[in-house]
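Read the structure below first, then the notes.
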Amino acid sequence: MNNQTATSSSVLASQHSRTVHVVQAGLRKRYRAEKRFQRLGMTAVACALAFLAFMFGDIVSKGYMAFQRTELLLDVYVDPDVVHVGNLDQADYQSLVKRSLERLFPDVRARQEKRELFRLVSGGAGAVVRAKVLEDTAVIGRTIPVWVPADDDVDMVTKGHVDRRSAASEGRLSERSLRWLDTLTSQGRLAKHWNTAFFTSGDSREPELAGIFGAVAGSFYTLLVTLALSFPMGVAAAVYLEEFAPKNRWTDVIEVNINNLAAVPSIVFGLLGLAVFLSFFGLPRSSPLVGGLVLTLMTLPTIIIAGRSSLQAVPPSIRDAALSVGASPMQAVFHHVLPLALPGMLTGTIIGMARALGETAPLLMVGMVAFIVDIPRGFTDPATVLPVQVYLWADSAERAFVEKTSAAIMVLLAFLITMNATAVYLRNRFERRW
């Protein structure tokens, strides 16, 4: 009997030992798997941050110099025979710039040499002189110092984007032109200044004169149309579908279609806008009005889905309490439920607007890819938007547009980050915890 008991105890102890060994082995295996998963997760995050840092670093390194512009200091004599009160808008201001260059280099007399000399300044230098004269007509007949923009080739050499030897070998700047630049630099007449024109001017064929203000204004008008149409329509649709619509096959079909529309490629909305707004209704092409309508169609599903999610997040007790004290269903929704769901709706709207700000494909289909020099003054004026402006500059053959492209991307990213940060702030500021 004692032997059987001892044997049974030995078997039980052996089984217990094996069980403990199996459990411990399983725990070690699970811990190793968890550590591998953590390492994989950390590696994925590190790779994503590295790629993001590389992208931002590449954009900033190529674009930050666009916020400066190389300029020449010229002593311009405002000749009364060329400029007088009767022809302030039609006067040949560029000829005044050329004369001031000739006075700086009196030994330049051959026609070919003069052409090279005049190429040092931008074709828009006369506009700077014109602005000075229009600002104060008393300068007519006097010599005034004016900083005028240099040509884009000079700008690239001064900033170090193009080597002097390469510029000479490629025929962009001759050895004689480089010597003239050295002379101007030694005299303090060649310097880099803050590029105000980049933020205050529209597009231009000349890189040194091109700016983003036209694209920013077009984006503003386009997003204003989008917000004015998509937000009230999206909120109204979300409230109706979630609070008042009967639950039947018809509403199920609507819900499925809304979810499907949120995943439709954006260019499809551009084709729809081309067929409906331009071809059928005859609205003006390349206008913020049409662009806003197209982006409204694209943004509406996102706002509706976000609005319904916000309404569903409001506890049913809020509705029940309002109804129990005698409020009508309409009052319960608009006086109690909707105010609590509104912060989430605003967050979804801002995220949808940020997506719309970065869209290019649908706007290309409605003609907003056109070369627009003038600043749009209304919703029906021809305009472009920031993403399209980036596309146009990136497709340009001029080397100086490379830094303009990167600088415009920096401005666009700044807008997107600001809008997303605003959405996060609104969510954290007004979100209720139940």
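The values are calculated or read from the model by the stated rules, or taken from the named source; none is laboratory data. Small disclaimer: the values here were computed from a predicted structure and weren't measured. Note: ideal-geometry Cβ built from the backbone for every residue, glycine included; neighbour counts use all protein chains shown. With ligands, DNA and RNA removed, areas are computed over all heavy atoms of the protein, side chains included. Shrake-Rupley method; radii C 1.70, N 1.55, O 1.52, S 1.80 Å.
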Run the accessible area of the stretch 233-370 with a 1.4 Å probe and give the carbon-and-sulfur part as a rounded percent.
-> 70
Virtual paramagnetic centre 7 Å along Cα→Cβ of residue 81, amide N under 14 Å, in the stretch 122-165 | 141
Using r as the Cβ-Cβ distance of residue 161 and residue 256, and R0 as 45 Å, what FRET efficiency do you calculate, to the nearest 0.05?
-> 0.25
Length gained if residue 196 through residue 264 is fully extended, taking 0.36 nm per residue and subtracting the Cα-Cα distance, is 20.5 nm
So for the stretch 194-288, what percent of the C-alpha to C-alpha distances run longer than 18 Å?
-> 68
The chain: C-alpha pair distances exceeding 41 Å, % = 44
Around residue 366, with a cut-off of 12 angstrom between Cβ atoms, what is the net charge of the other residues, counting Lys and Arg +1 and Asp and Glu -1?
-> 0
To the nearest 10 degrees, how steeply does helix 213-239 sit against the main Cα axis of the chain, on a 0 to 90 scale?
-> 30
Write down the accessible area per residue of the chain in Å², having rolled a 1.4 Å probe over the full set of protein chains.
-> 54
Place a +1 charge on the Cβ of each Lys and Arg in the chain and a -1 charge on the Cβ of each Asp and Glu, then give the dipole magnitude about the Cα centre in debye, rounded to the nearest 20.
-> 2060
How far apart, in nm, are the 7 Å Cα→Cβ label points at residue 135 and residue 213?
-> 1.3
May I ask which residue of 239, 138, 405 lies farthest towards the positive end of the charge dipole of the chain, with charges of +1 (Lys, Arg) and -1 (Asp, Glu) on Cβ and the Cα centre as origin?
-> 239
If the stretch 241-295 were replaced by its equivalent ellipsoid, with semi-axes equal to the square roots of 5 times the Cα gyration tensor eigenvalues, what would those be, largest first, whole Å?
-> 30, 12, 10
Nearest 0.05, what FRET efficiency do residue 113 and residue 185 give at R0 = 30 Å with Cβ-Cβ as r?
-> 0.95
The percentage of the accessible area of the stretch 66-204 (probe 1.4 Å, all protein chains present) made up of carbon and sulfur atoms, to the nearest whole number, is 46
Would you mind computing, in nm to one decimal, how far apart the modelled labels at residue 22 and residue 102 are, each placed 7 Å from Cα along Cα→Cβ?
-> 10.3
Determine, for the chain, the count of lysine pairs separated by eight or more sequence positions (or lying on different chains) whose alpha-carbon distance falls under 30 Å.
-> 18
How large, in Å, is the stretch 366-426 by the Kirkwood hydrodynamic radius built from its alpha-carbon pairs?
-> 13.2
Peptide ranges 124-131, 377-384, 419-426 listed from the most packed, as the mean C-beta count within 10 angstrom indicates | 124-131, 377-384, 419-426
Gain upon complete extension [residue 355, residue 418; 0.36 nm per residue less C-alpha separation] = 21.4 nm
Return the inverse of the average 1/r over all pairs of distinct C-alpha atoms in the stretch 319-364, which is the Kirkwood hydrodynamic radius, in Å to one decimal.
-> 12.8
Would you mind computing the Rg to Rh ratio of the stretch 125-245 from its alpha-carbon coordinates, Kirkwood style for Rh?
-> 1.29
log₁₀ of I(q)/I(0) at q = 0.11, 0.12, 0.20 Å⁻¹ - the stretch 43-202, Debye sum with one point per alpha carbon | -0.53, -0.61, -1.30
Mind checking the full-extension length gain between residue 88 and residue 324? Use 0.36 nm per residue of separation minus the Cα-Cα distance, one decimal, nm.
-> 77.4 nm
When the dipole is taken about the Cα centre of the stretch 305-434, and only Lys, Arg (+1) and Asp, Glu (-1) are charged at their Cβ, what size is it in debye, to the nearest 20?
-> 580
Solvent exposure, largest accessible area first (probe 1.4 Å, DNA, RNA and ligands not counted), of 51, 277 | 51, 277
